[in-house]
Amino acid sequence: MKTIRITCLCLLMTAAAMAQQVPLQWQEVQPGIWKASAGTPEKISLLKAAGATPDKASLQKLPAARFPLPQADITMRIADGKVYLKFPLEKEEQLFGLGLNFKTVNQRGRVSQLHMDHYGSADNGRTHAPVPFYVSSRGYGVLIDAARYITVYAGTAVRVDTKNPPELIDRNDKNKNWQSMPYSDGVEVLVPAGGVEVYVFGGPTAMNAVQRYNLFSGGGYLPPKWGLGFTQRVPTLYSQSDILREATEFETHNFPLDFIGVEPGWHSMSYPCTFEWDTQRFPNPKGFIDDLAKKGVRANLWINPYVSPKSSLYAKVKPFAGTHTVWNGLVTDFTFPEARQIWKEHFIKNHISLGVSGYKMDENDGYDKWLWPDVATFPSGTAAEQLRQVYGVMMQKMTDEWYREQNQRTYGLVRASNAGASNFPYVIYNDYYSHQDFITALVNSSFIGVLWTPEVRASKTAEEWVRRMQSVCFSPMAMLNAWADGTKPWSFPEVEKAVQDVAMLRMRLLPYIYSTFAQYRFEGKPPFRSMNLIDGFAYAAQESGGKLDATHNPYEAKTRSEVKDQYMMGDNILVAPVFTGEKSRKVYLPAGKWYDFYTGALAGENQAITVKAELEKIPLFVKDGAIIPMIPARRQAPKAGEVLPLEVRHYGAAPGSFTLYDDDGTTFNYEKGAYSQVTLKVSKDKNGRLAGEMSAPATGKPFGYERKVNWVFMTK
């Protein structure tokens, strides 16, 4: 009798727990974007910290979308002060996003605790951008807007009450279909808070969902033209004379250089920082920045956010600081407007008014052993965990506002980002250094509204050097980070020309790259894109292996193959980096004809091809009908008022068009309409011959190209 009572009690408890699963109530807040609340959302969240304003006009231009999921199957319950969410999954559905991952692209079948941190060599959720946003191959996205350590079970958990139970297989029968992780029909999310806001972004394609997500955050950032040139970060204790000499060396080697990174030695004390100039290494900061400007080079300053007792900021920010220090420096609580104002006044007076063009914001991401601990408290009452999740975003927003007030665009580096940050002028970097994984991170960045650079620091061989330099020149920021190694682009003389060639190719492609970033700004399309966002890309992740090994694979887990080493730059150029030691590589071409960028020859159509690894070239492919605008090779990005000759390449046999964007390249005047958009168009005449034309730019708008275009038809 007692056993029966216990069993009945357990069943009742289980039923009660299941009954608490209730559907969310959805409201369309922007075209194709729905929001629901569970419990009582907290005062601080990821989107609130970013503070971005949706680009309503651009959102309205996207294709119409219906709510993409059965609403009754999206459920939540609140227990133990936590929110439990469940979203449905179909059998063949793939999931992308869930943070800046470095080794995997398809996140289905993975468990992630999305926790702001450095990247520790494993895709487990601890990363520089733990964005709780995922995109489905079915053409929708889901965002969990909570500044907490969120755990996501992306198709790993199987509920007793599932409508789609996995097949029951007896492993003892040696059935090859047995899996250690059975099919799961849901994404389950644990939010350690009493409430949360959730967003669903409609499609109908995965790219449309990403566009809506970026445009909801205000659109992507349009960097200044100089930000898309080449940048060198100098050794940490270089003086102003050392840096000026380095800029001269770039001139001597005829190598591109638009801005230079000044590392920690510029501070009178760093780790923690004073944010004030060292008078011995930099006796004349204004003169130093002016001398760089005469060479056409801008200065970008390294900082981390921890205030030294030797800084004049220390006493001012102490009332707004947390209970714990980092490297003996105060951690400012940036939720206070007063604290942000103190920083603003200090930075404008000591840096921006002198001509400093931007910042590299280091070490605002992680390492538990030195970052403020979760037991720390802050005067605003914001939990240490919450502040850790949004600190990098708050720094991005704050510094971006300083430059916007000056009507000057900036472009810099940051170690920490999160949801809602696409409209900020920062590219993520880190201390990890795997070339292959850097490319996977670049692929993954396109799902979550952040930018990433596969920076170059040092190499063991000339081959590795040129391969890394080729990759970085086809990324959001072409950067050599020589802070510790003192390397130069010409450190391996035997490949200096190959490195110079790819850097100059990037400079030639600036009209294309700049227009691609304009597309990011106004359409929400990431400038560097995963192949999984491209129409006609048919390759799906495939599982193989699963061989029993009592020591290394006791549950016969299968390995997943996926395309994570190639990507699109804009609409037209497919980039396939080569890694050290490779004599050839496989490239997966989407539907339609694709052509070799360098020769115009047909490369293939909707197939996997193998290409030879030439040391002097990074493999590039262009789709049929593609139009690529280019300028002559030059060391620095075009300045406002310059008018340059334009070469426009066309590939294949199909007609095509391209929207060429231009503005003054430095200010936000484009937001008031001071920009040009012209159409480059190739069509066939009555004899079937291809001919090109450019529409006339609007009168009185900035346009830095000659009206007479040199059309080059690459495919003969």
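For this structure, a couple of remarks:
- Whole-Å semi-axes of the ellipsoid equivalent to the chain (Cα gyration tensor, √5λ, descending): 41, 34, 25
- 20 Å-binned pair-distance histogram of the stretch 225-531 (Cα, whole percent): 33, 60, 8
- Charge tally around M479: other residues with Cβ under 15 Å, Lys/Arg +1 each, Asp/Glu -1 each, net +1.
- DSSP bridge analysis restricted to the chain gives an antiparallel fraction near 75%, rounded to the nearest 5.
- For the residue pairs K163/K586; K43/K369; K318/K639; K103/K294, the C-alpha atoms sit more than 32 angstrom apart in K163/K586; K318/K639; K103/K294.
- The mean sequence separation of alpha-carbon pairs under 8 Å and at least six residues apart, normalised by the residue count of the chain, gives a relative contact order of 12 percent.
- Charge tally in the Cβ shell below 9 Å around G355, where Lys, Arg are +1 and Asp, Glu are -1, G355 excluded: +1
- Computed magnitude of the charge dipole of the chain (debye, nearest 20; Cβ of K, R +1, Cβ of D, E -1): 800 debye
- The chymotrypsin sites (Phe, Trp or Tyr not before Pro) found in the stretch 357-401 that occupy coil by DSSP, while having at most 13 further C-beta atoms within 10 Å, are Y367, W370.
- Options P511, F579, M477, ranked by Cα towards positive dipole end of the stretch 472-585, top entry (Cβ charges): P511
- Taking 37 °C and 0.692 mPa s as conditions, the stretch 303-405 diffuses translationally at an estimated 234 µm²/s according to Stokes-Einstein applied to its Kirkwood radius (Cα pairs).
- When the charge dipole of the chain is built from unit charges on Cβ atoms (+1 for Lys and Arg, -1 for Asp and Glu) and taken about the Cα centre, the candidate among A65, T599, V105 whose Cα reaches farthest toward its positive end is A65.
- Which of K310, K91 has the fewest Cβ neighbours within 10 Å, and the rest in rising order: K91, K310
- Scattering curve values for the stretch 440-580, log₁₀ I(q)/I(0), Debye with Cα scatterers, q = 0.10, 0.17, 0.18 Å⁻¹: -0.45, -0.98, -1.04
- Per-bin percent of Cα-Cα distances, the stretch 507-654 [5 Å]: 2, 8, 14, 17, 18, 14, 10, 6, 4, 3, 2, 1, 0, 0
- Pairs exceeding 18 Å between alpha-carbon atoms, taken from K56/K701; K286/K349; K295/K617; K61/K684; K61/K701: K56/K701; K295/K617; K61/K684; K61/K701.
- Each other residue within a Cβ distance under 10 Å of K35 adds +1 if Lys or Arg and -1 if Asp or Glu, for a net charge of -3.
- Selection from N300, V83, W490 lying farthest towards where the dipole of the chain points positive, charges on Cβ: V83
- Assigned charges on the beta-carbon of Lys, Arg, Asp, Glu; the stretch 225-531 dipole about Cα centre (debye): 580 debye
- Stokes-Einstein D in µm²/s, Kirkwood radius over Cα pairs - the stretch 16-100 at 37 °C with 0.692 mPa s viscosity: 210 µm²/s
- Calculated diffusion of the stretch 627-713, Stokes-Einstein form, Kirkwood radius summed over Cα pairs, 37 °C and 0.692 mPa s, µm²/s: 234 µm²/s
Coordinate-derived values only; no laboratory data. Only a predicted model underlies this, so the values are computations on that prediction, with no experimental measurement involved. Note: ideal-geometry Cβ built from the backbone for every residue, glycine included; neighbour counts use all protein chains shown.
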